[in-house]
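The values are calculated or read from the model by the stated rules, or taken from the named source; none is laboratory data. Worth saying up front: this structure is predicted, and the values here are computed from it rather than measured. Neighbour counts are summed over all protein chains in view; Cβ atoms, including those assigned to glycine, are modelled from backbone coordinates with ideal geometry. Surface accessibility is based on the protein's heavy atoms, side chains included, excluding ligands, DNA and RNA. Shrake-Rupley method; radii C 1.70, N 1.55, O 1.52, S 1.80 Å.
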Amino acid sequence: MGLLAAAGALGLHGGSHLPAWPWMPLALAAAAACTALAARRLLPAGAMRAKCGLPSVVAMRGLIAAAFFGSEAFIPLLLTTRYGWSLNAAGLALTASALMWSAGSAIQARLKGQCARRRGLTAGFAAMAAGLSVSLLSVAMGWPPLLAVAGWALTGLGIGLSFPMLSVLTMQLSRPDEQGRNASALQLSDALASSAALALAGLLLHARAQPSAPPDTLPILAMSILLALAGAWISPRAFGAGAKAESGLEAASRQKA
């Protein structure tokens, strides 16, 4: 995680002391390789492949965190530099997203039954992808900035639907003696993925920087859209055959106790 953050920092400030850009691909590849090796030992087996059941839940937690937090840091920058909003006004976009996150969490708490919750999990990732797409299109097409804010609010609704559900699924798919370890793995996936996304976002921002133009956040939004779509694609695996088998093991252990 630290290596990835350092790579992003070098990408943003490489022109001050060292000619960093020629080394950035190698530095990023080395950081990603080290992070992947560490993650394989710390995350549940199969998490890197989003295997059915708990591994896919842990993988989705990383995807959702990377998609949301990788863009959230740049939304105020977008509104202040491209549209000339004040910092206070730009903060309203984050407030709108936070309120919609709360609304999404309240909605998912009322979903009953595995089928409804499976659809809700996928819908959360899809809403994130849709909201990010609205924000991206509003910037690319020169639409009013309020549309970018509305897109970001929809993104908040999406993470509110999916994020809490992943925590609940982790507890449901874990045996009692594994809940602490698996909860830690969930948090680790969140931290690793969001740090990697922020580092890559910094590199993308640096690569597209032009002295006479505002920062180009379009590649960052596009990256987050792809991450959200990947989460939507693998979300059914949390309720697949592997998940049922693991839940069966937990039920059997409880009956023996």
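So here's what we get for this one:
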quantity	calculated
Test: ALA209 is hydrophobic (A, V, I, L, M, F, W, C) and open to solvent by 30 Å² or more (accessible area, probe 1.4 Å)	yes
Given (1) open to solvent by 20 Å² or more (accessible area, probe 1.4 Å); (2) at pLDDT below 95; (3) closer than 30 Å to LEU205 by Cβ, index of the condition GLN114 fails	(3)
Qualifying positions in the stretch 145-194 - modelled with pLDDT of 95 or more and either assigned to a loop (DSSP other than H, G, I, E, B) or aromatic (Phe, Trp, Tyr) (or both)	TRP152, PHE163
Residue match in the stretch 62-73 (condition: closer than 18 Å to SER235 by Cβ and either open to solvent by 10 Å² or more (accessible area, probe 1.4 Å) or not in a helix (DSSP H, G or I) (or both))	yes
Subset of the stretch 82-97 that is surrounded by 14 or more Cβ atoms within 10 Å (Cβ to Cβ) and either of a type in the set (Ser, Thr, Tyr) or more than 27 Å from ALA213 (Cα to Cα) (or both) - its residue that is modelled with the lowest pLDDT	TYR83
Residues within the stretch 141-177 that are open to solvent by 10 Å² or more (accessible area, probe 1.4 Å) and within 23 Å of ALA89 (Cα to Cα), tallied	12
Conditions (1) open to solvent by 40 Å² or more (accessible area, probe 1.4 Å); (2) over 17 Å from ALA45 (Cα atoms); (3) in a helix (DSSP H, G or I); (4) among the hydrophobic types (A, V, I, L, M, F, W, C); number of the one not met by ALA228	(1)
Out of ALA129, ALA103, sole residue that is under 16 Å from PHE69 (Cα atoms), open to solvent by less than 60 Å² (accessible area, probe 1.4 Å), at pLDDT 95 or above and outside any loop (DSSP other than H, G, I, E, B)	ALA129
Boolean, ARG237 is among the basic types (Lys, Arg), assigned to a helix (DSSP H, G or I) and touching a Ser or Thr at 6+ places or on another chain (Cβ under 6 Å)	yes
Count of the stretch 199-232 residues which are within 17 Å of the chain's Cα centre (by Cα) and touching a residue at least 60 places away in the same chain (Cβ under 8 Å)	18
